[in-house]
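Comments concern the structure below.
The values are calculated or read from the model by the stated rules, or taken from the named source; none is laboratory data. These figures come from a predicted structure and were not determined experimentally. Every residue, glycine among them, receives a Cβ derived from its backbone with ideal geometry; neighbour counts consider all protein chains shown.
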Amino acid sequence: KLDRSDTGLTLTQNANGKKILELRVTGENTVEIPEGEFYTLMGHTLKITPREWTVEKTTIGDGETDMKGKAVALAT
């Protein structure tokens with residue numbers, strides 16, 4: 001199920017109501033993903049909480065960084 005608002009979207013699994021992805025637009029070139037859990041294209045589980053990102057056994061804490069410590073970039 002996809003719910004859209006003026007400031008973002010929430011993708012929820014119909015079967016159990018679990019949030020798959022919550023995304024908020026916080027600026028012209030900035031989004032915030034406070035919650036999510038899904039498989040990456042490589043088949044790894046990506047879990048996002050307000051405090052950390054976890055891909056398989058690698059966890060990164062607060063900040064605007066990717067798994068390699070670089071700024072998070074979205075494809076345009």
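Before we move on, is Lys47 basic (Lys, Arg), modelled with pLDDT of 90 or more and surrounded by 14 or more Cβ atoms within 10 Å (Cβ to Cβ)? Show your work before the answer.
Values: basic (Lys, Arg): yes; modelled with pLDDT of 90 or more: yes; surrounded by 14 or more Cβ atoms within 10 Å (Cβ to Cβ): yes.
Yes, satisfied.
With respect to Thr7, determine if the residue is surrounded by 14 or more Cβ atoms within 10 Å (Cβ to Cβ) and modelled with pLDDT of 90 or more.
Answer is no for this residue.
Taking the conditions exactly as written (farther than 20 Å from Ile60 by Cβ and hydrophobic (A, V, I, L, M, F, W, C)), does Leu21 satisfy them or not?
Values: farther than 20 Å from Ile60 by Cβ: no; hydrophobic (A, V, I, L, M, F, W, C): yes.
No, not satisfied.
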